[in-house]
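The values are calculated or read from the model by the stated rules, or taken from the named source; none is laboratory data. It should be emphasised that the depicted structure is a prediction, and the values quoted were computed from it without experimental measurement. FYI the Cβ positions are ideal-geometry reconstructions off the backbone, even for glycines, and counts take in every protein chain you see.
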């Protein structure tokens, strides 16, 4: 599967900076084995705490600092104390103490990392953006770039230089509890948004991460979002063809953009834990791409090679497997015996010194690129835009563009003036559900306290439509002290009684917040209580608008027919309530489109790019590529308050080769009376191929604003080689034959005139 081209002939993924390289080599030559291994070690900050001090009262133990930095020379620390967000001032205090100790004991600054997954999720007072799945729904690259830039700025206000994001796993299974952390199910969409996130966080020059930028850690390399069971950290079975063609694509694009580090998939692919996969870690990433960044484990995943994956007999053997496979930094996170065992392995000849030097070199290089040696700590006061209104408006705009109007019978939306509404459901008055996991705390608990200054859906509706027009009766509520899925005893009758005195019902339903493995579920169907709430409310005869609020699509086929309108807001963040109110009122137009396929049934999950042979029904003909499995709504679906008409799709070359540039143009006309934004999605279909082709693939997209009555011509460009696939022999191939290109209802045929093969993409 990998290239036989020598490393020297491959252009570096990140251009070498000679000054940095000289500094790295000079420092490396002076370091002891213990110091090098220490740089490869990452511990959680709670190891450093004074016993009894937690959360915002966190204090660091001098004795533990002596052990961590003085004795074991640990090079990296992660996480928030007790997984609770700190103020930028507290972060500055913490980072200052750590850097002073690290530089005193080791002569090397510490690399500190946080999961700032949707804004400054672990920095109090900062701006929380919508979750990445929402960003995918915007189909707007500029919003991803902007959110990354603002998050970097606000993270750096606390002197933290590194974030464990973006997540570019493909969300291929709706059951997966980390579905909301990526940009959707499609390889191209994740690649495009991932690249913009890297540029937003790091800037244009990965060798010089400036004062207002931070390093990214792309995760989780790779295939993590397609577990067979749908549960977090469980095995995936993925063909080498699909792994290379789809799952690798976003990582390749983010590396091309200069990503400085990558985090590894916690689970296994085809029986091989990725943390021990030399081919995927060393060959695909480091050799084939000539990439000189850092590969870091996920939480305790070297330990899992023997405790869970059972490919090693003990921790020492697990360390040998992982380091030799290509791991550079071990997120331990609580124990420094990694340092002891790795030293023994080197002394015993089980891990080569050259591998230790390579890993250390990569870590030092990243620290120099971040400027940590020159400026290990910043002054919070030098970041005056932290938590500013300017940043909040950016988050509001992003939330508005991310929400998807899925149904609007009789144009019930936008809501007519003067209508009296019932706001009901467990998600109606909750900041926790608007944000989801990774929000102030790991599981998102406490957001109602820490984000109390922001508006819930109920509060935003009350502000927008007036308290005299808004009635609140939840009917169903979550048990916030229990598991995320637990609900209190329902009071549906109260909601039904309240509904009799209103004109329209807004049922805010979905999920409570969760994160990672605790978010696993056994049934994707919406909870029994919430389904019953909607069914009983429908008996009043009052029109119902469903507001879907959660991190993954829940099955609602039994209640969807009861609703006049459906809006999927996913996890829009702190400004989500205000964004929804602006959209419902008609002040802002809907423009979001689903970045995933919304399933109709629990036993019929799938992605839009399925194989023709997966379709169980009889297809009308070879050109009927809109045939669906059993999706409630398809990938890319989303309505607007206006109507867009597509016409005049054309291409500059009806016949092409791999090296040709294909330029498609299409006219988009706003036929309605409201301005609107339209995401123009271009799909390709390879009609006949040597391997069963996908029904269709997203190849390009652009978002455009069109005024009423206006026509805009949209240009979408492809390289002929973009239409290639990975063949059965593991090589990329563009085959001679016919392709069908579609955007909107417009179709054009093109023909490839030659077959060409190659091995790996060259940076």
* Pick from 200, 225, 210: which is part of a loop (DSSP other than H, G, I, E, B) and more than 20 Å from residue 597 (Cβ to Cβ)? -> 210
* Identify all residues within the stretch 251-278 that are closer than 14 Å to residue 217 by Cβ, touching a helix residue (DSSP H, G or I) at 6+ places or on another chain (Cβ under 7 Å) and either part of a helix (DSSP H, G or I) or not assigned by TED's automatic domain parsing to the domain that holds residue 302 (or both); write none if there are none. => 254
* Qualifying positions in the stretch 362-382 - in contact with a helix residue (DSSP H, G or I) (Cβ under 7 Å, 6 or more places away or on another chain) and either in a helix (DSSP H, G or I) or not assigned by TED's automatic domain parsing to the domain that holds residue 295 (or both) -> 363, 364, 365, 368, 369, 380
* Working only within the stretch 279-292, note down all residues that are surrounded by fewer than 22 Cβ atoms within 10 Å (Cβ to Cβ) and in contact with a helix residue (DSSP H, G or I) (Cβ under 7 Å, 6 or more places away or on another chain). => 282, 287, 290, 292
* residue 295 being surrounded by 24 or more Cβ atoms within 10 Å (Cβ to Cβ), within 26 Å of the chain's Cα centre (by Cα) and either assigned by TED's automatic domain parsing to the domain that holds residue 71 or over 21 Å from residue 216 (Cα atoms) (or both) -> yes
* Asked: Does residue 505 meet the test of being crowded, with 21+ Cβ neighbours inside 10 Å and either closer than 22 Å to residue 571 by Cβ or at pLDDT below 95 (or both)?
  -> no
* Asked: Got a sec? Which of 531, 537 is farther than 25 Å from residue 401 by Cβ and touching a helix residue (DSSP H, G or I) at 6+ places or on another chain (Cβ under 8 Å)?
  -> 537
* Asked: So, of the residues in the stretch 298-311 that are over 17 Å from residue 270 (Cα atoms) and in a loop (DSSP other than H, G, I, E, B), which turns out to be nearest to the chain's Cα centre (by Cα)?
  -> 298
* All positions within the stretch 381-410 that are surrounded by fewer than 17 Cβ atoms within 10 Å (Cβ to Cβ) and within 12 Å of residue 545 (Cβ to Cβ) -> 409, 410
* Which ranges mark the helices (runs of 4 or more DSSP H) fully within the stretch 392-478 that have 2 or more residues being without any contact (Cβ under 8 Å) to a residue 12 or more places away in the chain, in the same structural domain as residue 571 (by TED's automatic domain parsing) and farther than 21 Å from residue 592 by Cβ? -> none
